[in-house]
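The values are calculated or read from the model by the stated rules, or taken from the named source; none is laboratory data. The shown structure was predicted, so the numbers you read here are calculated from the model rather than taken from an experiment. Every residue, glycine among them, receives a Cβ derived from its backbone with ideal geometry; neighbour counts consider all protein chains shown.
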């Protein structure tokens, strides 16, 4: 049984899948597991999910960090076929998935949680994290704030 990933408790299957999906491929992870009546620590290297295209574009870490700051504590990801399968998201649902949200994010007050799919921002459909970021930035810069 997996107890935590990188210190984050995984109480449900969905928590575990979201935590793993947020980790970059090639990174070592600390997994605390319960095995044979004892807690042990494993250090696997995160790999690509079988069936995931090997040449799938991955933004450099500094761009992902900068994007996260621009959207006030939301870590968004594309809604890929692999994520749909892992998180049991219907194929007719489009948008971006929330991988994590900072504890001090203003979006917590809106009820946004990890695992949510954001289909639109400010009444505009979004199909990628870049579209969501751009729409949020436009809304924050305009006189008419998001609702």
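Points worth noting:
- Residue in segment 83-97 that is nearest to residue 125 (Cα to Cα), counting only those that are buried (at least 16 other Cβ atoms within 10 Å of the Cβ) and over 12 Å from the mean Cα position of the chain (by Cα): 95
- Among the residues of segment 116-146, those that are in a loop (DSSP other than H, G, I, E, B), in contact with a helix residue (DSSP H, G or I) (Cβ under 9 Å, 6 or more places away or on another chain) and at pLDDT below 85 comprise 122, 145, 146.
- Subset of segment 97-106 [farther than 16 Å from residue 17 by Cα and not in a loop (DSSP other than H, G, I, E, B)]: 106
- When 109, 51 are checked against the criterion of being assigned to a loop (DSSP other than H, G, I, E, B), at pLDDT below 85 and either in contact with a helix residue (DSSP H, G or I) (Cβ under 9 Å, 6 or more places away or on another chain) or surrounded by fewer than 16 Cβ atoms within 10 Å (Cβ to Cβ) (or both), 51 stands alone in meeting it.
- In segment 55-83, the qualifying residues are those that are at pLDDT below 50, out of contact with any helix residue (DSSP H, G or I) (no Cβ under 6 Å at 6 or more places or on another chain) and outside any helix (DSSP H, G or I), and the one that is farthest from residue 132 (Cα to Cα) is 55.
- Test for residue 26: is it modelled with pLDDT of 75 or more, assigned to a loop (DSSP other than H, G, I, E, B) and touching a strand residue (DSSP E or B) at 6+ places or on another chain (Cβ under 7 Å): yes
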